[in-house]
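Step one of this worksheet: look at the structure below.
The values are calculated or read from the model by the stated rules, or taken from the named source; none is laboratory data. Note that this is a predicted model, so its numbers are computed, not measured. Note that each Cβ is placed from the backbone with ideal geometry, even for glycine, and that neighbours are counted across all protein chains shown.
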Amino acid sequence: MPNHLIVNEKINSFKKKIIVSGDKSISIRWVLFSSLANGVSKAKNLLISEDVLAAIETVKRLGIKVILNKKECKIYGKGINGFKYKKNLKIDAQNSGTLGRLILGLLVNSPYPITLVGDKSLSKRDFTRVSKPLSEFGAKFKLRNNYSLPLKIYGSSKLKPIEYLEKRGSAQCKSSIIFAAMRTDGTTKIKAKKSRNHTELLCKHLKLPIKINKKKNFDEIEIKKIKKINTLNYDIPSDISSSAFFIVLTALSKNSELIIKNVNINPSRIGIITILRKMGVKIIFKNKKNYKGEKKADLKIVSAKNIKSINCPTKLNSGAIDEFLVIFLVAAKAKGISYFKNLSELNQKESPRLKWAEKILTNLGIKTIATNDSIKIYGNPNLNLNLNKKIVIKNYLKDHRVFMTSMVAALSFGGKWIIHDKDSIKTSFPNFLKIVEELK
């Protein structure tokens, strides 16, 4: 079967309710925490994507039993020191930066060297952002070109606590340090720029010895060595990052309305909601609930009639970092010039996303001015492509968000699109195309 998709007509008006797959960030963290717990943990609505399956395969390689079926996943944890470390162990994080960086924090006390590999895309990404702080604990690393995968981690039995300033706003880096601190005598202190906080919320829910002092721009985190982790049964809410594509598709479609059920609305993740509301998109939270420290709700979105441009406040960046590609499509239809800055982190993702944003918008006929960390988008409220306009999207390092953003653009603005590498969605959102069909 061809691994590309041809889209040559806009989506019709719709009024639907949908359920989006489970949250990827929480799914991967659930797998890792459950592997360290004493006993059997169960999860419902676990995201069954390549990234999460890679996490499951990783803990299995470390001696943890996992049973996965359509209804639930069971992980038979063996305690905080329950991993079995074998000689010449190789772990494959595939495309998952979350798994690749977080698991290193749990391997800092391995008695044998462990090799971490990833796919072509992950192997281009910066792993010094975790190897440097983890080295301070006492582990040692050998990285390809002193920068990337494959790498070798040499654990230490004499780990020492550290004090670390995390200034990128990287939840992956922060979480990796928290995991390493769990294995370390003494108190590790982290001053971390604001970023998604699922790891901290799970630590608090599990009553682990973590203290968090929230300041305006940073969080001060203290964590001590963990003796025991209780089992973690979890009904995983839907992913806001996956929901983002349908939020934007609804906003850009005429006379449409959508309800997305049971979505994670963790305040550190809803930058897209704040940004789109500022741009005039109507998004309502219904049936709000607290669940194990997280917040969730049903989202109601209606078509946007008058989209306003935005000079996006940089304080919203970390809470929307995975959604900017699709946010830029809304800016393309706004009245006026939108400006997004301090976004160098976008080029540290699966592909250089800021460059891909520029390419997609240029294909739409939208003027942009882009630098290494910013983009100005000159919106056109009447944006509507000629049906004969042909747009080909390929060679984007199989970045799932480039594929899905291109799909939303094709369905919203028209033209004839040939979008390659449709299998890329398997890393985070295998049901994406199925839900698109439900809306047609």
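A few points about this structure:
- Test: SER121 is more than 27 Å from SER157 (Cβ to Cβ) and surrounded by fewer than 21 Cβ atoms within 10 Å (Cβ to Cβ): yes
- ASN290 being farther than 28 Å from LEU385 by Cα, outside any helix (DSSP H, G or I), out of contact with any helix residue (DSSP H, G or I) (no Cβ under 7 Å at 6 or more places or on another chain) and not hydrophobic (A, V, I, L, M, F, W, C): yes
- With a requirement of 2 or more residues that are over 17 Å from LYS24 (Cα atoms) and touching an Asp or Glu at 6+ places or on another chain (Cβ under 9 Å), the strands (runs of 3 or more DSSP E) lying completely within segment 65-107 that satisfy it span 89-92.
- Here no strands (runs of 3 or more DSSP E) wholly within segment 144-213 include at least 1 residues being among the basic types (Lys, Arg) and crowded, with 24+ Cβ neighbours inside 10 Å.
- Against the list (1) in contact with a strand residue (DSSP E or B) (Cβ under 8 Å, 6 or more places away or on another chain); (2) assigned by TED's automatic domain parsing to the domain that holds ILE80; (3) not in a loop (DSSP other than H, G, I, E, B), the condition LEU47 fails is (3).
- Residue list for segment 183-209, filter: in contact with a strand residue (DSSP E or B) (Cβ under 8 Å, 6 or more places away or on another chain), more than 17 Å from LEU232 (Cα to Cα) and modelled with pLDDT of 95 or more: GLY186, THR187, THR188, LYS189, ILE190, LYS191, ALA192, ASN197
- Residue identified as within 22 Å of the chain's Cα centre (by Cα), surrounded by fewer than 17 Cβ atoms within 10 Å (Cβ to Cβ) and either over 27 Å from ARG125 (Cα atoms) or without any contact (Cβ under 8 Å) to a residue 40 or more places away in the chain (or both) among LEU433, LEU387, LEU354, LEU343: LEU433
- Every residue from segment 297-319 that is of a type in the set (A, V, I, L, M) and over 22 Å from LEU383 (Cβ atoms): ALA297, LEU299, LEU316
- When segment 308-340 is limited to residues that are touching a Pro at 6+ places or on another chain (Cβ under 9 Å) and either touching a residue at least 60 places away in the same chain (Cβ under 8 Å) or outside any loop (DSSP other than H, G, I, E, B) (or both), the one that is nearest to GLY118 (Cα to Cα) turns out to be GLY319.
- Under the condition of being buried (at least 24 other Cβ atoms within 10 Å of the Cβ) and closer than 14 Å to LYS300 by Cβ, the residues counted in segment 247-259 number 3.
- Of all residues in segment 95-109, exactly one satisfies the criterion of being farther than 23 Å from ASN197 by Cβ and either of a type in the set (D, E, K, R) or surrounded by fewer than 21 Cβ atoms within 10 Å (Cβ to Cβ) (or both), namely ASN109.
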